[in-house]
């Protein structure tokens, strides 16, 4: 399965010896190529000549609709984080990387918990997956943004997540 039919590349988030991670936009939620670009193009062409008042209003409304759609793109739920393995010749220890990504995919598919990333899409062959995207980065980089009122409750949630992962054999 090819991710390019659903996921539109926005930027590279990082890279390592085994693969790369990209910020991607979900094309199923926002039809960029099929709806947005043609609408903007039509609007711009419509402004280029002398127009009647009704036609100008129609083009202005079309342009406003396109701008609103662009603004909606910034909602974090429209994004994902695509993790893709390097090609075998470019990867450090490709066999191990392939094994690890398959375990990640299986664990995220089988375990659901508020403190764990959710998987949105993945390759059956284990070459890539898309998980939730968090625009502010990792929790350890944003500790000041997360006010924890009840530390005991927070630690219990993490303990529950670890128990589930351990029960399924993903960690020891």
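The values are calculated or read from the model by the stated rules, or taken from the named source; none is laboratory data. All of these numbers come straight from a predicted model, not from anything done at the bench. Virtual Cβ from ideal backbone geometry, glycine too; neighbours counted across all protein chains shown.
Regarding residue 69, is this residue modelled with pLDDT under 75, part of a helix (DSSP H, G or I) and surrounded by 13 or more Cβ atoms within 10 Å (Cβ to Cβ)? Taking the combined requirement at face value, the residue satisfies it.
All told, residue 104 falls short of being in a helix (DSSP H, G or I) and over 21 Å from residue 168 (Cβ atoms). When the stretch 33-43 is filtered for residues that are at pLDDT 65 or above and exposed (fewer than 11 other Cβ atoms within 10 Å of the Cβ), only 34 remains.
Applying the condition of being touching a helix residue (DSSP H, G or I) at 6+ places or on another chain (Cβ under 8 Å) and free of Cβ contacts under 8 Å to residues at least 40 places away in the same chain to the stretch 95-125 and asking which residue is farthest from residue 166 (Cα to Cα) yields 122. For beta carbons closer than 6 Å, sequence separation of 6+ or different chains, a first residue in the stretch 1-30 that is at pLDDT below 90 and a second that is surrounded by fewer than 16 Cβ atoms within 10 Å (Cβ to Cβ) and part of a loop (DSSP other than H, G, I, E, B), the qualifying pairs are 6/28; 17/92.
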